[in-house]
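K.L.:
Right, I'll just put the structure down here and ask away after.
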Amino acid sequence: MTGPDLTFANWLLAAVPVALLMVAIFFAGWSAPRAGATAWALALGLAFFVFGAASDHVAIASAKGLSLAVFVLTIVWTSVYMFNLVDRLDGIDAIGRAMARLSEDRLAQALLIGWGFASFVQGVTGFGVPIAVAAPVLIMLGFSPARAAGMALVGHGWAVTFGSMGSSYYTIQLVTGIEGHVIAPHMALLFAPVIIASGALVAHIYGGFGAVRRSLPLVIVAGSVMAAGMYALAEVDAPQIASSVPAILGMATMALLARTRLLVSEQGRVVPAVPEEAEGANPMPFWLAFLPYTLLISLSVVAQIGPIKEASSGLRWALDYPGFVTGEGFVVAAVSDYAPIRLLNHPAPLIVISLIISTALYVATSRWRRGVAAEALRLTYSQCLATSIGVATMAMMAVVMADSGMTVLLARGLADASGPVFPVVSPFIGMLGAFMSGSNTNSNVMFGLLQLETARALDIGPVTISSIQSVGASVGSAMAPAKVLVGAAVVGLSGSERDIFRIVTPYILLLVLLAGIEAWIVVELLTGLSR
């Protein structure tokens with residue numbers, strides 16, 4: 001046996017924890033800790049009683065889930081603390097005012113920050129940091145907390161695969177064995193419509209179809225610049241900056257064109273987002289307010305330099321986990337250094353280093369205030385407690401499902417049922433993996449080879465299907481509970497995550513459907529050309 005048999009009953013049972021999680025959060029109004037704990041307990045029961053996992057198997061899987069949670073939560077804790085510290089020193093106010101000066105038009109601000117800036121941060125950091133940075137700035141500019149988180153989540157999804165210095169891209173490339181010079185440009189082309197569509201959807205979150213009509217020319221131009229930049233960098237074998245650099249180009253394009261006719265004025269007027277400084281005020285300069293984030297971005301780039309990356313590769317914390325075979329024959333390989341927290345390749349240590357340097361400069365420039373560090377710590381604890389429990393239980397649920405064969409069973413059922421329309425379904429499988437694990441990278445690990453083999457069996461274009469797996473996971477990761485919980489914690493909506501889910505979910509499903517239609521068209525064209 002190679003795992004649980006794919007029967008309709010087994011498929012339905014494997015889907016129950018995911019369905020429960022979604023129903024509990026979306027419709028029942030449960031908190032993330034309650035929903036996550038219940039779904040984890042249900043996954044444990046199904047794994048043990050139905051899918052052949054022994055007690056030590058589910059214990060190992062749950063421990064691996066906790067390791068994943070620590071990997072994510074150290075980023076959440078440090079990024080939220082950094083925001084709270086900067087906010088207590090009036091730095092977020094200074095950042096908001098500087099961003100507002102790029103354009104007085106509220107729609108342009110939403111696009112600049114929710115689409116462009118969030119994507120840039122994703123390009124160099126990732127792991128929820130874009131939401132932790134962009135959403136508070138949008139709130140500072142007067143946007144509601146739920147919409148601010150929604151715009152950042154939807155806006156940055158296109159940048160995830162080539163973001164985090166290309167970690168998810170390298171994963172799909174290694175898992176499938178497809179040469180980089182083949183898959184990277186192909187993937188960049190598939191991302192092009194998604195990039196433009198994500199900008200239009202951020203506009204829709206801001207102000208409905210009226211905002212889409214106003215901004216469509218600007219979105220098309222800026223999105224095309226981003227897409228062209230991504231393709232060019234993929235073509236020249238620089239995937240590690242194929243999100244960050246296009247995002248910078250996109251922001252520059254939007255800032256330049258926001259004052260032109262490409263952004264149709266709203267009844268001929270604009271509304272300043274923030275008030276003018278009071279006379280005699282001594283606001284923090286933008287460079288100083290943004291210093292922790294500048295240092296974080298700079299350190300993230302420096303850490304990728306070959307000699308530095310190699311020298312620091314051994315400086316990490318991680319655990320080893322044994323492999324096992326379930327009673328149904330599902331093989332789980334042993335893993336070493338699972339979910340490693342590397343000193344210079346994980347956002348949390350880099351955030352801590354950035355904060356230490358920034359604090360020294362705040363003290364030197366007389367911007368520091370006594371007791372502010374303790375204030376920020378207390379606030380971070382209250383904001384992150386519920387989020388931490390939710391992330392931990394959901395991560396444990398995800399790994400229990402993966403290591404008992406339930407997750408692969410779900411994907412196999414979707415693939416087998418779809419048949420000729422598999423290209424449309426393929427990105428939804430990528431989205432499923434990202435939703436379960438909170439990670440584009442993990443989704444590629446779980447489903448990359450499955451998608452490749454399914455494409456070969458159906459003879460429908462392995463490069464396209466492998467690419468669209470990562471596109472779907474990239475976009476779909478924006479609605480992963482782990483990321484939504486980060487957004488909820490940062491914008492002060494812990495316990496009300498469903499408000500963000502309700503905004504984000506339809507937009508993400510639409511983007512994933514767009515990716516599937518793209519893949520289907522490309523497969524049909526390539527099939528026609530080969531005949």
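The values are calculated or read from the model by the stated rules, or taken from the named source; none is laboratory data. Source: prediction; values computed, not measured. Every residue, glycine as well, gets a Cβ built from its backbone with ideal geometry; the counts of neighbours run over all protein chains shown. Ligands, DNA and RNA are stripped out before the accessible areas are found, and what is left, the full protein with its side chains, is counted by its heavy atoms. Shrake-Rupley method; radii C 1.70, N 1.55, O 1.52, S 1.80 Å.
K.L.:
Taking 35 Å as R0, compute the FRET efficiency from the Cβ-Cβ separation of Val352 and Thr527 and round it to 0.05.
P.N.:
0.10
K.L.:
Multiplying the sequence separation of Thr294 and Arg88 by 0.36 nm and subtracting their Cα-Cα distance, what value in nm do you get?
P.N.:
72.3 nm
K.L.:
Report the label-to-label distance for Lys309 and Ala41 in nanometres (one decimal), using points 7 Å from each Cα along the Cα→Cβ vector.
P.N.:
Using points 7 Å along Cα→Cβ, the separation is 4.4 nm.
K.L.:
Right, something else. If you rank Val463, Val352 by how much accessible surface each has, with a 1.4 Å probe, what is the order from largest down?
P.N.:
Descending order: Val352, Val463.
K.L.:
Sorting check: for 368-379, 170-181, which peptide has the highest mean count of neighbouring beta carbons within 10 Å, and how do the rest follow?
P.N.:
In decreasing order of mean packing, 368-379, 170-181 become 170-181, 368-379.
K.L.:
What order, most packed first, do the peptides 147-155, 380-388 have when packing is the mean number of other Cβ atoms within 10 Å of each residue?
P.N.:
Ranking the peptides 147-155, 380-388 by packing returns 147-155, 380-388.
K.L.:
To the nearest 20 debye, what is the magnitude of the charge dipole of the chain about its Cα centre, counting +1 on the Cβ of each Lys and Arg and -1 on the Cβ of each Asp and Glu?
P.N.:
It works out to roughly 980 debye.
K.L.:
Express in whole angstrom the spacing between the alpha-carbon centres of region 176-248 and region 373-436.
P.N.:
Comparing the Cα centres of region 176-248 and region 373-436, I get a distance of 24 Å.
K.L.:
Still on this structure: Can you figure out the FRET efficiency of Tyr338 with Val236, using R₀ = 30 Å and their beta-carbon distance, to the nearest 0.05?
P.N.:
After rounding to 0.05, the efficiency reads 0.35.
K.L.:
Roughly how many Å² is the accessible area per residue of the chain, as a whole number, for a 1.4 Å probe?
P.N.:
Per-residue accessible area for the chain comes out at 38 Å².
K.L.:
Let me ask something else about it. For the chain, how big is the tail of P(r) above 29 Å, as a whole percent of Cα pairs?
P.N.:
The share of Cα pairs beyond 29 Å in the chain comes to 50 percent.
K.L.:
Quick check on the chain: helices-only [θ] at 222 nm, where DSSP H runs of length 4 and up contribute -39,500 (n - 2.57) each and the sum goes over total residues. Nearest 500, please.
P.N.:
The helix contribution divided over the chain gives -24000 deg cm²/dmol.
K.L.:
Okay, moving on. Let me make sure I get this right: for region 17-92, a, b and c are the square roots of the gyration tensor eigenvalues over alpha carbons, sorted descending. Under 1.5 in a/c it's rounded, otherwise prolate if a/b > b/c, else oblate. Which is it?
P.N.:
Taking the square roots of the gyration eigenvalues as a ≥ b ≥ c, region 17-92 is oblate.
K.L.:
What is the distance, in nm, between label points placed 7 Å from the Cα along the Cα-to-Cβ direction at Glu375 and at Ile517?
P.N.:
5.0 nm
K.L.:
What part of the accessible area of region 39-141, given as a whole %, is carbon or sulfur when the probe is 1.4 angstrom?
P.N.:
Carbon plus sulfur share of accessible area: 69 percent.
K.L.:
Could I ask something else about it? With unit charges on the beta carbons (Lys and Arg positive, Asp and Glu negative) and the dipole taken about the Cα centre of the chain, which residue among Val363, Met254, Ile460 sits farthest to the positive side?
P.N.:
So the residue we want is Val363.
K.L.:
Right, something else. Do you know the relative contact order of region 402-531, to the nearest whole percent, from alpha carbon pairs under 8 angstrom that are 6+ apart?
P.N.:
It rounds to 30 percent for region 402-531.
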